[in-house]
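**Q** I am attaching a structure below and will ask some questions about it afterwards.
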Amino acid sequence: MTSKDWQKLCAERKEKQLQSIPKEWLIETPPESQANVLDVPKTCGLLTERELEITNTTDVDTLLGKLATSQWSAVEVTTAFYKRAIVAQQVTNCLTEIFIEKALARAKEVDEYLQQTGKTIGPLHGLPISLKDQFCIKGMDTIMGYAGWINKPAKKDCVLVEILYDVGAIPFVRTNVPQTLLWGETYNHVFGQTTNPINRYMTPGGSSGGEGALVAMRGSPLGVGTDIGGSVRIPSAFCGLYGFRPSYERLPYQGAVNAQVGQESISSVLGPMTNAPSGVRRFTKAIIDAKPWNRDPLAVRKPWNGREYELEEHGHGLGMCIAIMWDNDVVKPHPPLIRAMEITKAALEAAGHKVIDWIPHRHMEIYVNTERIFAADGGHDYRTDCELSGEPLIQTMSPTEDAHEYALDQPLAKTVIGKPVLISAYDLWQLHREKRELRKSFLDYWEATKATTETGRPVDAIISPVAAYTACPHGCNSDAFYTTLCNSLDLTTYTFPVTFADKELDKKAPPHEFRNHEDEAIYHLYDPELFHGLPVCLQLTGRTLEEEGVIGMTEVVDRALKAYKSM
């Protein structure tokens, strides 16, 4: 295709999306100069008071309870969230697929089943769920940010969607991603750039950035993203959400589309993003209880473990020893992240837990190994998908106008590996061998903490930043190693909100001894005025395939934080 051809294709697809929105749901949007748009659903006049009540209900347990007892019907809940999602789309550009008739027809089926049988279909009965634009739904395009994937409808549902239907859920929208997925921001030539509803000058993160923006706007009670280097946790953190990254293959990926298909050195995983912890637990348990290993040959055959969730191996959640990683020795976190860790430490100690420092272990070796694996194909995968339409490979997430100045010529990741070069299978095997050795070394290091915890067991979990900063200006999210560390080592990880950046409390720190050019650029990026009011989240990291335990421990931390703030 010529340049005009792919651009025309993108314009037509964007127009098709606009036409899928009911005209009566279009609102008068606020001026672009309005940074925070969280109140627009309340002030725009589209949603009724009852619809606002429904969509402001962030606790998924409450939603499911009202749906199961017919206090709220699936049709009215789906309609309410759909209207709010369309408002979110108009102010943040977070959606890709809009299929109102299909979703409402499904909601009607769910209601009729309950009326006729007196029973719910399953544990997610009537719950609208948004999906990242990777999860195939029969008859719909799954574009994933590539112009060349337009007009290629899926022939069948992916396994996750099959299970969601079986457990009573209602898939109702799909959400925006960056071209190639391997970005911590969200922009592509087909649907454009997604903004952060808390401050539209800032990115919502990526690659599940559409989910982050939508759920933050409460346009969805629960979204599903994917994570290969932080793509669930980064947008969750930037948008003030709870986000969960399980270990490789614990939840079913079969039938979803992806970048770098066939790359199994560091697997992408799917995970929930919500405004309350109950959503993470209810979703994860529902999918595992559906025995995904009977549909996805890679899914781990591990039923939900209630004793693990009750923290039997962690003192039943009492008197735990939690480590805090204040810094990853690659890039130093901004002041709001430091304060969030201080708050969390104080909350945990007030709740009777011990907190110790976590000293990074071989981080630069893990960093370099990870980036070399990601670049092992020399960029062939991205170029091939771009060549389908002739569109160019996106090189920056900075907007063409009003771009924020960021003194970084290229991220550290590109510096440590140089120009991407296709490597041999043998060389890739050596990276695999090195990765195994690093994982073993990290495991031994963790086990050795038993000598300092005073609990008779190693550190129960590690708490750390999700990124070195809160949500940052478009084009400035250059580092992802706080999250990618867990993808490389396959450690189960859960992001949770702590506080908000405060220009009075989070003054700029004096310069430290910079480790590298990116560390220096990130230091200079911080401006207390610019970052004021943005959510500050952290992540709790546990062991490989410890999903139930990590969910349980994060709920303990979340309760400790809420109790501490109420003191």
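Please treat every number below as a calculation from the coordinates, not as lab data. Everything numeric here is computed off the predicted structure, so don't read it as measured data. Note that we place each Cβ from the backbone using ideal geometry, even for glycine, and neighbour counts take in every protein chain shown.
**Q** Nearest 0.05, what FRET efficiency do residue 310 and residue 454 give at R0 = 25 Å with Cβ-Cβ as r? Walk me through the numbers on the way to the answer.
**A** Numbers: r = 22 Å, r/R0 = 0.89.
Given R0 = 25 Å and the Cβ-Cβ separation, E is 0.65.
**Q** Where nothing but the Cβ of Lys and Arg (+1) and of Asp and Glu (-1) is charged, how large is the charge dipole of the chain around its Cα centre, in debye to the nearest 20?
**A** Working: 58 positive and 73 negative charges, 216 e Å.
Result for the chain is approximately 1040 debye, rounded to the nearest 20.
**Q** While we're looking at this one, here's another question. If the cut-off is a Cα-Cα distance under 13 Å, which aspartates and glutamates reach residue 156, setting aside same-chain residues fewer than 8 apart in sequence?
**A** 141
**Q** Which order, highest average first, do 520-526, 20-26, 278-284 follow once you tally other Cβ atoms within 10 Å for each residue and take the mean per peptide?
**A** Going by the mean number of other Cβ atoms within 10 Å, highest first, we get 278-284, 520-526, 20-26.
**Q** Next up: Would you mind putting 376-383, 253-260 in packing order, based on average other-beta-carbon counts within 10 Å, highest first?
**A** Top of the packing list down: 253-260, 376-383.
**Q** Now for a different question. R0 = 25 Å: FRET efficiency of residue 116 with residue 291, Cβ-based, nearest 0.05?
**A** FRET efficiency, residue 116 to residue 291: 0.45.
**Q** Among 327, 527, what is the fewest-to-most ranking by other Cβ atoms within 10 Å?
**A** 527, 327
**Q** Here's a follow-up. Given the alpha-carbon gyration tensor of region 301-399, what are the semi-axes of its equivalent ellipsoid in whole angstrom, ordered largest first, with each equal to the square root of 5 times an eigenvalue? Mind dumping the intermediate values first?
**A** Values: eigenvalues 316, 94, 45 Å².
The answer is 40, 22, 15 Å, longest axis first.
**Q** Shifting gears a bit: As an exercise, use a Förster radius of 41 Å and the Cβ-Cβ distance of residue 156 and residue 362 to find the FRET efficiency, rounded to the nearest 0.05.
**A** 0.40
**Q** Also, I was wondering about something else. Taking the Cα centre of region 301-407 as the origin, how large is its charge dipole in debye, to the nearest 20, when only Lys and Arg (+1) and Asp and Glu (-1) carry charge on their Cβ atoms?
**A** Value, rounded to 20: 540 debye.
**Q** Next up: Arrange the peptides 399-406, 481-488, 466-473, 539-546 so that the one whose residues have, on average, the most other Cβ atoms within 10 Å appears first.
**A** Ranking, from highest mean packing down: 466-473, 481-488, 539-546, 399-406.
**Q** Which of 183, 6, 446 has the fewest other C-beta atoms within 10 Å, and how do the rest follow up to the most?
**A** If I rank by nearby Cβ atoms, fewest first, I get 446, 6, 183.
**Q** A follow-up question, please. Rank the residues 174, 233 as a footprinting-exposure proxy: fewest other Cβ atoms within 10 Å of their Cβ go first.
**A** 174, 233
**Q** Which value, in nm² and rounded to one decimal, describes the direction-averaged projected area of the C-alpha convex hull of the chain?
**A** Numbers: hull surface 99.7 nm².
Result: 24.9 nm².
**Q** Hey, rough spin-label estimate for residue 38 and residue 566, points 7 angstrom out along Cα→Cβ, what's it come to in nanometres?
**A** Distance between label points: 2.0 nm.
**Q** Excluding same-chain residues fewer than 8 positions from residue 507, which lysines have a Cα within less than 19 Å of its Cα?
**A** Here the lysines satisfying the reach criterion relative to residue 507 are 332.
**Q** A further question follows. With runs of 4+ DSSP H residues as the only contributors, calculate the mean residue ellipticity of the chain at 222 nm using -39,500 (n - 2.57) per run, divided by the residue total and rounded to the nearest 500. All intermediate terms of the calculation are to be shown ahead of the outcome.
**A** Details: 21 runs with 223 residues, N = 567.
Mean residue ellipticity, 222 nm, calculated: -12000 deg cm²/dmol.
**Q** Loop only per DSSP, at most 11 neighbouring Cβ atoms within 10 Å: give me the trypsin sites (Lys or Arg not before Pro) in region 81-135, ordered by residue number.
**A** Hits after loop and neighbour filter: 119.
**Q** Give the shape of region 351-476 as rounded, prolate or oblate, defined through the alpha-carbon gyration tensor: a ≥ b ≥ c are the square roots of its eigenvalues, a/c under 1.5 means rounded, and otherwise the shape is prolate if a/b is larger than b/c and oblate if not.
**A** oblate
**Q** Listed here are the pairs 83/132; 155/302; 132/155; which of them are more than 21 Å apart at the Cα?
**A** 155/302
**Q** Could you give the DSSP H helices of the chain that reach 30 angstrom or more along their long axis (alpha carbon positions) and whose average Kyte-Doolittle hydropathy is no lower than 0.5?
**A** Span-like helices here: none at all.
**Q** Using a 7 Å offset from the Cα along the Cα-to-Cβ direction at both residue 254 and residue 380, what is the distance between the two label points in nm, to one decimal?
**A** In this crude label model, residue 254 to residue 380 measures out at 2.7 nm.
**Q** Place a +1 charge on the Cβ of each Lys and Arg in region 445-567 and a -1 charge on the Cβ of each Asp and Glu, then give the dipole magnitude about the Cα centre in debye, rounded to the nearest 20.
**A** Charge dipole, region 445-567, about its Cα centre: 300 debye, nearest 20.
**Q** Give me the log10 of I(q) over I(0) for region 156-244 at q = 0.11, 0.21 Å⁻¹, as the Debye formula computes it from C-alpha points; what are the numbers?
**A** Log10 I(q)/I(0), no solvent term: -0.29, -0.96.
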